[in-house]
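Everything on this sheet refers to the single structure shown next.
The values are calculated or read from the model by the stated rules, or taken from the named source; none is laboratory data. Quantities reported herein were computed from a predicted structural model and do not represent experimental measurements. Cβ coordinates were reconstructed from backbone atoms using ideal geometry, including for glycine residues, and neighbour counts include every protein chain displayed. In case anyone asks, the SASA skips ligands and DNA or RNA and just uses the protein heavy atoms, side chains included. Shrake-Rupley method; radii C 1.70, N 1.55, O 1.52, S 1.80 Å.
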Amino acid sequence: MASNKIVKQAGAPAADEFELSVAQALIDLESSVPDLKSLRGLYITSAKEVELGAGKKAIVIFVPVPLAKSFHKIQQRLTRELEKKFSDRHVVFVAQRRILPVPTRRNTGKQPRPRSRTLTAVHDAILDDLVFPTEIVGKRLRQKVDGSKTLKVFLDAKDATSLEYKVDSFSAIYKKLTGKEVTFEFPAAVEF
């Protein structure tokens, strides 16, 4: 029954025990919580457990891109319920996107590569998915003398109280998924 909630891409390995436990939790919520009845037609592609350091873990649930909007409608309530089920773990939903390689003379396709399949676009979309209920209001790329780069992301200050405890998780998850360093901040309110 839980395997119906996970739809893998062709050639992907079968669902492991952790993914099945996440799928079972989704099925339980679908049947028990009245607000989450809209989960019935939705499914996930995979789930990963990410080490955050200091013995903490987070759960990253990958959903198909066409269903991402539907998940966004119920994401706040769904995240809250899943964090209750999987205690001491933060839950994040990210759309499963594909990065296409840069076309060269040897591997030019029949069509040009869409902008949404570039590495930069996919990494920006992952960043938006991570912080979903809030919005990104600014980004700064800081390049140090030793060549290392750190992306500073400014989140909407109105959501500071609800997201403050998750900011370190967001950084660790983004580093795990993309390999890029990022710090999240809430800017002081600017009054005019």
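Odds and ends about this structure:
- Residue match in region 118-125 (condition: in contact with a strand residue (DSSP E or B) (Cβ under 7 Å, 6 or more places away or on another chain), surrounded by fewer than 16 Cβ atoms within 10 Å (Cβ to Cβ) and not in a helix (DSSP H, G or I)): no
- Of all residues in region 49-79, those being under 14 Å from the mean Cα position of the chain (by Cα) and free of Cβ contacts under 8 Å to residues at least 12 places away in the same chain number 1.
- Only a single criterion out of (1) under 20 Å from the mean Cα position of the chain (by Cα); (2) within 24 Å of Lys8 (Cα to Cα) is not satisfied by Pro114, namely (1).
- Test: residue in region 49-57 that is assigned to a helix (DSSP H, G or I) and under 22 Å from Val122 (Cα atoms): no
- Of the residues making up region 51-61, those that are surrounded by fewer than 19 Cβ atoms within 10 Å (Cβ to Cβ) and either of a type in the set (Asp, Glu) or modelled with pLDDT of 85 or more (or both) are Glu51, Lys56, Lys57.
- Failed criterion for Arg113 (all others in (1) under 28 Å from Tyr43 (Cβ atoms); (2) basic (Lys, Arg); (3) at pLDDT 90 or above hold): (3)
- The residue that is nearest to Pro64 (Cα to Cα), counting only those in region 1-48 that are in contact with a strand residue (DSSP E or B) (Cβ under 7 Å, 6 or more places away or on another chain) and open to solvent by 70 Å² or more (accessible area, probe 1.4 Å), is Tyr43.
- Residue identified as assigned to a loop (DSSP other than H, G, I, E, B), surrounded by 13 or more Cβ atoms within 10 Å (Cβ to Cβ) and modelled with pLDDT of 85 or more among Leu100, Leu82, Leu67: Leu100
- Hey, Glu30 without any contact (Cβ under 8 Å) to a residue 60 or more places away in the chain and in a helix (DSSP H, G or I) or not: yes
- Residue match in region 17-36 (condition: modelled with pLDDT of 80 or more and in contact with a Phe, Trp or Tyr (Cβ under 6 Å, 6 or more places away or on another chain)): no
Yes/no per residue for (1) over 21 Å from Gln75 (Cβ atoms); (2) in contact (Cβ under 8 Å) with a residue 40 or more places away in the chain; (3) surrounded by 13 or more Cβ atoms within 10 Å (Cβ to Cβ):
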| position | (1), (2), (3) |
| --- | --- |
| Lys110 | yes, no, no |
| Arg115 | yes, no, no |
| Asp129 | no, yes, yes |
| Ile136 | no, no, yes |
| Gln143 | yes, no, no |
| Ser148 | yes, no, no |
| Ala160 | no, no, yes |
| Glu185 | yes, no, yes |
| Ala188 | yes, no, no |
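- Taken over region 162-173, the criterion of being open to solvent by 40 Å² or more (accessible area, probe 1.4 Å), closer than 14 Å to Thr183 by Cα and either in contact with a Cys (Cβ under 7 Å, 6 or more places away or on another chain) or touching a residue at least 12 places away in the same chain (Cβ under 8 Å) (or both) is satisfied by Glu164, Asp168.
- Summed over region 80-96, the residues that are in contact (Cβ under 8 Å) with a residue 24 or more places away in the chain and acidic (Asp, Glu) give a count of 2.
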